[in-house]
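FYI, it's all coordinate maths here, none of it is from the lab. Treat the numbers as computed from the prediction; the structure is a model and nothing was measured. FYI the Cβ positions are ideal-geometry reconstructions off the backbone, even for glycines, and counts take in every protein chain you see.
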Amino acid sequence: MGTNNALIRFIHGTDWRIWLGIIITLLWIVGGGWYVLQVSETAPTQNFSLAAVGSFLEGAFAPLAFLWLVLGLFIQQRELANNTEAVRRTSEQSEKQTQAIAATEMNARQETYFKIAENVKHQLGGISGMLLVSSIGPVGSGRINREQMDDYFAQAARGDDSVFARMFISTDFPDEGGLEEMLYGTEIRTKHSRNYMRAFEKLRRLARNCDVDRIIEDTLMQGAFGLLYERMVTYDPKSTNAASSTEGQ
């Protein structure tokens, strides 16, 4: 049973051109044999010398040699085409694997970003809270008393990390001298603002490196933390002085 299956697979796996060549060769040999028999019967006294036999065999098998040469060329072309197709499929598979690896790496980066972003946003919320205390809280102008400030910190502890950032971007605080005074009016406020910007810039770089379309970065910049960062950059005395020096030159 196994031998029969192997024979069937061999027959189906063999190129049809080979079978065509075998059939033509067998028919040609049978026809040649029949021709020799006919000549022997019609001319029994004819002398077949070695030279005559050699010439006959040369003429008889020359077409077969040419036939197998042509068939060999066609078979070789088919093998080359199959090899080319195999190389193409291998290349496509390699490209898909490369894309899958890149996608997996990007997903890993994004997962890492979101884990880090959660902690960094807690940090940004704490810094902006301390900055608010120093500017309009009990330590600052006193617009927000201690009880209200405790409520805001409790809200931040419940997961609303951007509560203080939203307060900064909700108004320009003209009574306190404007947003520039609130962010950089004292040494401690300047320190808080610079710490905030450094932490946010690190988070922004992470967002940029894990999303080629920059959707995550755009979302970050358009949120409360990003808008507060832009205001800090706008009112930063270092940036203002640098711009003034450039204009003066």
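A few remarks follow.
- Residues of type lysines that Lys191 reaches as a straight line, Cα spacing below 30 Å, ignoring anything fewer than 8 places off in the same chain: Lys115, Lys121, Lys202, Lys238
- Residues Gln97 and Asn209, FRET efficiency given R0 of 22 Å [Cβ-Cβ distance, rounded to 0.05]: 0.45
- For segment 99-237: rounded, prolate or oblate by the Cα gyration tensor [a/c cutoff 1.5]: prolate
- Using the rule -39500 (n - 2.57) for each DSSP H run of four or more residues, divided by the residues of the chain, the 222 nm mean residue ellipticity is -29000 deg cm²/dmol.
- D by Stokes-Einstein for the chain, Kirkwood Rh over Cα pairs, 20 °C, 1.002 mPa s: 80 µm²/s.
- A simple rule links phi to the HN-Hα coupling: the Karplus curve 6.51 cos²θ - 1.76 cosθ + 1.60 with θ = phi - 60°, which for segment 85-93 gives 5, 5, 5, 5, 5, 5, 5, 5, 5 Hz, with x for Gly and Pro.
- Extension gain, Asp15-Ala157: 0.36 nm per intervening residue step, less the Cα-Cα distance, totals 43.5 nm.
- In the chain, the longest principal axis of the Cα atoms and the axis of helix 237-248 are about 80 degrees apart.
- The angle separating the long axis of helix 16-42 from the principal Cα axis of greatest extent in the chain is about 10 degrees.
- Residue order, fewest to most beta carbons within 10 Å, for Val163, Val70: Val70, Val163
- For Asp172, Asp236, Asp150, Asp213, order by how many other beta-carbon atoms lie within 10 Å, fewest first: Asp213, Asp150, Asp172, Asp236
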